[in-house]
1. Here's a check for you: in the stretch 203-222, which residue that is touching a residue at least 12 places away in the same chain (Cβ under 8 Å) and β-branched (Val, Ile, Thr) is farthest from TYR185 (Cα to Cα)?
2. What tally of residues in the stretch 172-221 results from selecting those that are surrounded by fewer than 15 Cβ atoms within 10 Å (Cβ to Cβ) and touching a Leu at 6+ places or on another chain (Cβ under 8 Å)?
3. Would it be correct to say that ALA158 is loosely packed, with under 13 Cβ neighbours inside 10 Å and within 20 Å of ALA106 (Cβ to Cβ)?
4. Could you check the stretch 294-329 and list, in sequence order, the residues that are on the phi > 0 side of the Ramachandran plot and at pLDDT below 95?
5. Can we say GLU28 is without any contact (Cβ under 8 Å) to a residue 40 or more places away in the chain and either part of a loop (DSSP other than H, G, I, E, B) or in the same structural domain as SER163 (by TED's automatic domain parsing) (or both)?
6. SER112 is checked against (1) hydroxyl-bearing (Ser, Thr, Tyr); (2) surrounded by fewer than 16 Cβ atoms within 10 Å (Cβ to Cβ); (3) closer than 20 Å to ILE6 by Cα and fails just one. What number does that condition carry?
7. Checking the structure you have, find out if any residue of the stretch 139-149 is buried (at least 16 other Cβ atoms within 10 Å of the Cβ) and closer than 25 Å to ALA61 by Cβ.
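The values are calculated or read from the model by the stated rules, or taken from the named source; none is laboratory data. If you're wondering where the values come from, they're calculated on a predicted model, not measured in any experiment. Don't worry about glycine lacking a Cβ; one is built from the backbone with ideal geometry, like all the others, and counts go over all protein chains shown.
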Amino acid sequence: IPTSEISLVYKQGKMRKIHLLVLAPNFETVDQINEWLDTKGRRDYDGRPIFGFTCPEFVEAMMSISKDIEIIPAHAWTPWFGIFGSMSGFDSLEECFQDQLKHIHALETGLSSDPKMNWRLSALDKYTLVSNSDSHSPWPHRIGREANVFDFKKISYANIIKSIRTRKNFLYTIEVDPAYGKYHYDGHRACNISLSPKESIKLNNICPKCGRPLTIGVEHRVEELADRPSGFIPKHAIQFKSLIPLEEIISSVTGFGLMTNKVREKYDKFIRTFGNEFFILLEAEKEKLEKVDKKIAHLILASREGKLKIEPGYDGVYGKLILKKLSGLRDFV
Ligand SMILES: [Zn+2]
Ligand SMILES: [Zn+2]
């Protein structure tokens, strides 16, 4: 499926910076989209080009090209480019899309939020929550961190779009722990300051080190906009499974960096044995995992039971696995 992200930067009251996902049914439609974009600016310098028109203008133009184009607000909660982002987002979908909101059916939760967090806003009940990896870097291990699981006899664009619009045949999403995402907590990367929403509120959202406003993360924004307590499950919610990428687990257990050969070798050994990473993380049997590596098997099982502890990501820094706080793991690490 041809997909892309587009970045819209414009003034509506304050400056707004919004990333939108665009899904197109075929390459003829892509040509038409590009033709329209070329009347508005350049798109030859970046995979995610920046334009100055508004979200409703874009939706209207896309719908006049094809009703089969799907537009989905990308990583909806991230501070800088999410539709609900603390820095340059909106407080509601209505405020952003106005009379074009009827063409929006889904939201991408992004790595730093999971469906549970989004369920706290009753305003989002009518939108399907989709999960993608938001993989922009050239590293293969960033692909497939999140996924949407459908049940189709035949995989086709029409079926996928129908499922996104109606939730029929949409089984569940696969999520990383939201704390792993780069913008879960508040903080300042340069100041080495990471704070929970409660801690930042106490400090009036000001960095205790440099005195400038903190980058307010996803957890804080959800708290601000939520009208339900945490733990609420809406009626037609699509369930989800949580995981931590296998390479992250291998890297924490072995102490070697994500991009090292040591981690790659171990990863490849698992893949050779089981076939694919989702099967390893979600389904493979304990005994078989242990045959490949006992420590890593233990962490995979702990991850399935939601027992892994993560030091939350903040201001562009990924969350990290904390091994020492995991009870019963001391024998292994
Ligand atoms: Zn983006
Ligand atoms: Zn600071």
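1. Of all residues in the stretch 203-222, those touching a residue at least 12 places away in the same chain (Cβ under 8 Å) come to 205, 207-210, 212, 214-222.
From what is left, the residues that are β-branched (Val, Ile, Thr) are 215-216, 218, 222.
Working: THR215: 9, ILE216: 7, VAL218: 7, VAL222: 11 Å.
The selected residue is VAL222.
2. Residues flagged as surrounded by fewer than 15 Cβ atoms within 10 Å (Cβ to Cβ) and touching a Leu at 6+ places or on another chain (Cβ under 8 Å) within the stretch 172-221 amount to 2.
3. Values: loosely packed, with under 13 Cβ neighbours inside 10 Å: yes; within 20 Å of ALA106 (Cβ to Cβ): yes.
When the stated conditions are applied, ALA158 passes them.
4. Filtering the stretch 294-329 for residues on the phi > 0 side of the Ramachandran plot gives 306, 315-316, 328.
Those that are on the phi > 0 side of the Ramachandran plot and at pLDDT below 95: GLY306, GLY316, GLY328.
5. Details: without any contact (Cβ under 8 Å) to a residue 40 or more places away in the chain: yes; either part of a loop (DSSP other than H, G, I, E, B) or in the same structural domain as SER163 (by TED's automatic domain parsing) (or both): yes.
For GLU28, the condition - without any contact (Cβ under 8 Å) to a residue 40 or more places away in the chain and either part of a loop (DSSP other than H, G, I, E, B) or in the same structural domain as SER163 (by TED's automatic domain parsing) (or both) - is met.
6. It is condition (2) that SER112 fails.
7. No, because not a single residue in the stretch 139-149 is buried (at least 16 other Cβ atoms within 10 Å of the Cβ) and closer than 25 Å to ALA61 by Cβ.
Conditions tested, residue by residue: (1) outside any helix (DSSP H, G or I); (2) touching a strand residue (DSSP E or B) at 6+ places or on another chain (Cβ under 8 Å).
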position: VAL149; (1), (2): yes, yes
position: LYS154; (1), (2): yes, no
position: ILE160; (1), (2): no, yes
position: SER163; (1), (2): no, yes
position: LYS168; (1), (2): yes, no
position: THR173; (1), (2): yes, yes
position: ASP186; (1), (2): yes, yes
position: ALA190; (1), (2): yes, no
position: SER200; (1), (2): no, yes
